[in-house]
Amino acid sequence: MKVAVVGAGAIGAYVGAALDRAGAEVHLIARGPHLAAMRQHGVRVYSPRGDWTARVHATDQPADIGPVDYVFLGLKANSYAACGPLIAPLLQEHTAVIAAQNGIPWWYFHRHGGPHDGRRIESVDPGGSVSAVLPPERAIGCVVYAATELEGPGVVRHLEGTRFSIGEPDRSLSPRTKEFGEAMRAGGLKCPVEAELRDEIWIKLLGNISFNPISALTRATMREMCLHRTTREVIELMMTETLRVAEALGCHPDISVERRLAGAERVGDHRTSTLQDLEKGKPMELDVLLAAVVELAAMCDIEVPTLRTVDAISDLLARGVAA
């Protein structure tokens, strides 16, 4: 099995190192000091589950790799439309793309069934720009429950969690998801193949849609947001509105707002990825987390006043970062 990891940052390099440990042929695509370190020393993983080093091929030239069986996409969703030059040399007829993204994916309504089948979500696939680069029929969904960070160039610190749930847009238990899942498990990760992956997308989104933009607006950690009474009330409203949209689309996330908040509070003084992006002056990944759900709510004729308000304020903040 030949795999290319496009965007071999903290999550991508961690997955690549695990797949290498499983015996897959792995190629990492990165740049800068991180790429130089991986070329010289491999990917060094430090984890409570044990440390290891993976000596894998790393490059900034996808043409050096050629066509692969699987592309694991570790880029932020707001980079997808521009990733064509990185992706094109890796594709052959049956290449699958596993997109490890938060939020609503561009393939969400691909082979969905029902009245919205095939519909494009403008917030996540503006003008079809993402689908043009990443055809939905190649997509395998992926919901990430692992926390990692780059401790330094070529060094991945695994903090907690090893679960990467995957699933086909058409809900089938396909040979390609089974093969990829088996390789991930052989590398020491959890990788269940889920028929109803969209339910898991909404469970993960329940936290991202609320904590991520609020953290960027307030500069607060997870614990601070949970312990501030009125902020917690806003987050509860955002989660409740999100669940209404999910239900209107036929999804049934098996989690309550109270349980989701309790889990977030246990995380402690963690700064969300959106807050970290803001602090580094990077674009914030809010379209797929928040704007997309506001768009879906309008499509389903669901009132989401709290989500709309936070989306409007967050959009102004994002425009200031981009300026």
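Per-residue ellipticity at 222 nm computed for the chain from its helices equals -12500 deg cm²/dmol, with DSSP H segments shorter than 4 residues left out and the rest contributing -39,500 (n - 2.57).
Three principal axis extents describe the C-alpha atoms of the stretch 19-139; from largest down they are 50, 34, 25 Å. In the stretch 213-277, the portion of solvent-accessible area held by carbon and sulfur atoms comes to 48 percent [1.4 Å probe, whole percent, DNA, RNA and ligands not counted].
How much of the pair distance distribution for the stretch 282-323 lies past 14 Å, counting alpha-carbon pairs only, in percent?
47
Ratio of Rg to Rh for the stretch 160-297: 1.00 [Cα atoms; Kirkwood radius as inverse mean 1/r over pairs]. Coordinate range of the alpha-carbon atoms in the stretch 218-323 per principal axis, descending: 38, 33, 21 Å. When you work out D = kT/(6 pi eta Rh) for the stretch 70-140 at 10 °C and 1.306 mPa s, using the Kirkwood radius from C-alpha pairs as Rh and the Stokes-Einstein form, the result is 128 µm²/s.
Separation of the stretch 138-196 and the stretch 200-226, taken as the distance between their Cα centroids, equals 22 angstrom. Remark on ILE140: its backbone amide H falls under 5 Å from those of VAL97, ILE98, ALA99, a criterion applied only to residues 5 or more positions apart or on other chains, H modelled at 1.01 Å from N.
The share of Cα pairs per 20 Å bin across the chain, counted from zero up to the longest distance, runs 33, 61, 7 percent.
Around the amide H of VAL5, modelled in the peptide plane, lie the amide H atoms of HIS27, LEU28, ILE29, PHE72, all under 5 Å away and 5 or more residues distant in sequence or on another chain. Pairs from the list LYS76/LYS204; LYS2/LYS190; LYS2/LYS282; LYS204/LYS282 with a Cα-Cα gap above 26 Å: LYS2/LYS282.
The values are calculated or read from the model by the stated rules, or taken from the named source; none is laboratory data. Bear in mind the structure is a predicted one, so any value in this text is a computation, not a measurement. Surface accessibility is based on the protein's heavy atoms, side chains included, excluding ligands, DNA and RNA. Shrake-Rupley method; radii C 1.70, N 1.55, O 1.52, S 1.80 Å.
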